[in-house]
Protein chains: 4
Amino acid sequence: MKVRLLITGGTIDKVYNQSNGELEFDKTHFPEMVKRSRVEVDLTLEEIMLLDSLDMVDKERDFIVDSCRSCEEDFILITHGTDTMCDTARLIGESDIDKTIVLFGAMVPYAVSNSDALFNFGCALGSLQLLESGVYVAMNGRVLPWDDVEKNRALGVFQYIES
Amino acid sequence: MKVRLLITGGTIDKVYNQSNGELEFDKTHFPEMVKRSRVEVDLTLEEIMLLDSLDMVDKERDFIVDSCRSCEEDFILITHGTDTMCDTARLIGESDIDKTIVLFGAMVPYAVSNSDALFNFGCALGSLQLLESGVYVAMNGRVLPWDDVEKNRALGVFQYIES
Amino acid sequence: MKVRLLITGGTIDKVYNQSNGELEFDKTHFPEMVKRSRVEVDLTLEEIMLLDSLDMVDKERDFIVDSCRSCEEDFILITHGTDTMCDTARLIGESDIDKTIVLFGAMVPYAVSNSDALFNFGCALGSLQLLESGVYVAMNGRVLPWDDVEKNRALGVFQYIES
Amino acid sequence: MKVRLLITGGTIDKVYNQSNGELEFDKTHFPEMVKRSRVEVDLTLEEIMLLDSLDMVDKERDFIVDSCRSCEEDFILITHGTDTMCDTARLIGESDIDKTIVLFGAMVPYAVSNSDALFNFGCALGSLQLLESGVYVAMNGRVLPWDDVEKNRALGVFQYIES
């Protein structure tokens with residue numbers, strides 16, 4: 001099984017910029033995270049953008065969809081900011097791509113203490129290999145389908161859509 | 001879905017004892033790890049022992065099997081030292097328990113830098129919820145069945161049994 | 001020797017707020033840092049404010065000066081944001097308080113990976129006990145007097161004033 | 001002021017060996033620690049050995065004394081295991097070397113969570129630059145002279161010799 005990891009940015013990859021005191025993007029942590037996790041899955045990393053998901057516009061979401069469609073792998077992980085992860089999941093889900101695609105991110109950057117990044121990465125990669133084709137969000141230890149997932153901003157957790 | 005996490009010790013839970021300079025057990029890190037990972041799964045932690053898996057004897061393995069059988073949950077995670085994880089997986093696998101059971105651990109303690117503990121926990125929990133009943137080992141980002149998994153000591157990775 | 005540690009905030013004590021993705025103040029890390037450092041000095045912690053030093057105004061600086069003067073200890077550490085640390089040092093230095101006072105902070109928050117917080121704390125506390133009365137800034141492994149220290153923003157280091 | 005940092009090993013530099021589960025030496029962390037601490041002092045690192053201080057014999061202690069005497073710097077830091085740090089300090093102290101020499105180490109390895117390594121390094125480097133010539137131990141936030149320091153094994157702290 002070959003897996004493609006599409007990196008788009010989000011909280012998970014932010015780092016502290018000591019010049020201005022802001023959390024920003026420098027470079028992705030995934031090569032380090034993959035090594036640390038001793039991953040033996042055939043995994044190809046591809047950084048397609050490094051964006052805060054609040055700054056993502058249609059063009060970029062379309063590019064993510066295209067990247068899912070055009071890559072050779074049938075199993076795809078996507079890192080994504082949590083704020084609009086469900087929007088991107090929906091767009092991919094409505095695109096009728098016959099692959100298994102799991103989005104994930106983190107509530108706290110990998111480079112900040114007490115981060116959930118490594119856990120979410122593990123959960124996403126473990127699930128990906130067992131799921132039917134479709135689009136999913138893996139956060140909080142759960143795997144939720146693209147058409148029934150929302151971020152509860154008050155609680156900071158991903159959940160089934162409350163009707 | 002209710003999940004039971006049976007804690008048995010292993011490298012993942014070792015801590016540094018500054019009195020003697022050894023890595024030993026003090027108390028499990030899982031309450032902290034669960035919180036940090038923002039787990040929303042219905043997860044019950046149970047520490048049944050804190051042992052180096054090289055020190056485990058038959059009586060203790062039997063107790064793990066009994067704990068799997070007697071707990072009310074149908075989905076069970078087991079933390080375990082890596083050295084004899086496959087032995088315990090085999091014993092449970094041959095016990096005909098009709099539940100989904102995933103063993104995991106870490107090559108580097110959670111309390112030591114560059115640990116794979118959180119990744120493996122995520123991978124195990126994510127997989128557990130998607131697997132058919134059976135016994136599995138989740139390490140290195142892969143989920144391997146109890147009757148086809150071995151630890152390659154030279155490489156420090158879990159793999160399918162080489163024939 | 002009794003030491004007072006006056007906590008005023010600054011980068012050193014910022015934490016990640018997962019609700020808004022900003023680095024903000026929650027509570028000081030110094031009780032944890034002192035314990036971790038196994039400090040045997042008679043040290044009293046006092047949090048007098050938790051401010052970004054760019055947000056500090058005259059009233060607050062005056063309060064810091066008053067706190068230095070009024071506390072019973074003759075040896076005082078002050079945590080401070082780096083942006084205006086030298087301004088506050090100057091104000092205290094010009095106040096003719098006959099005590100030994102060392103200001104320090106961090107370029108990277110204690111809660112962010114690769115932080116200099118613990119090193120700077122050690123450097124400040126070690127120096128404090130050996131210095132003549134006066135006001136100093138301890139950063140980058142050096143101890144510089146209040147009337148000859150500036151922050152070089154381009155390099156992100158504290159240095160003697162370039163003439 | 002030029003400072004020489006003589007690296008001899010000790011707990012501070014131990015790392016986890018995932019092959020055998022032991023804490024051992026691989027390579028020193030000081031280049032990383034110096035960078036992280038943003039040290040602006042003129043500091044030359046020299047690794048002269050990587051030993052558990054319980055394994056140090058006379059020949060090695062003599063080599064440390066010789067290294068102190070022969071290096072060009074008048075200000076010397078020495079990393080050292082805590083168990084026999086006071087013995088080595090005494091040997092150097094009795095050697096009549098007219099330099100300022102500060103020994104330090106850590107109770108918990110730099111690579112293990114909750115380590116005091118960075119704090120002790122800061123304390124040692126800050127103190128070194130302010131001390132008269134002589135031999136000192138910097139641990140627990142205090143600087144103690146070679147002829148009046150002992151490790152209290154029960155408490156795990158360095159203290160003045162109890163008479």
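The values are calculated or read from the model by the stated rules, or taken from the named source; none is laboratory data. All of these numbers come straight from a predicted model, not from anything done at the bench. Positions of Cβ are generated from backbone atoms using ideal geometry, with glycine treated the same way; all protein chains shown enter the neighbour counts. For the accessible areas, the whole protein counts, side chains as well, though only heavy atoms, and no ligand, DNA or RNA atoms are used. Shrake-Rupley method; radii C 1.70, N 1.55, O 1.52, S 1.80 Å.
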Looking only at segment D:130-163, which residues are open to solvent by 20 Å² or more (accessible area, probe 1.4 Å), in a loop (DSSP other than H, G, I, E, B) and in contact with a helix residue (DSSP H, G or I) (Cβ under 8 Å, 6 or more places away or on another chain)? D:Leu130, D:Tyr160, D:Ile161
Quick check on segment B:13-57: of everything there that is within 13 Å of chain A (Cβ to nearest Cβ) and open to solvent by less than 40 Å² (accessible area, probe 1.4 Å), which residue is nearest to A:Tyr110 (Cα to Cα)? B:Ser37
Within segment C:86-131, which residues are touching a His at 6+ places or on another chain (Cβ under 9 Å) and within 11 Å of chain D (Cβ to nearest Cβ)? C:Phe104, C:Tyr110, C:Ala117
Would you check if there is a residue in segment A:111-122 being closer than 28 Å to A:Gln18 by Cα and open to solvent by 60 Å² or more (accessible area, probe 1.4 Å)? yes
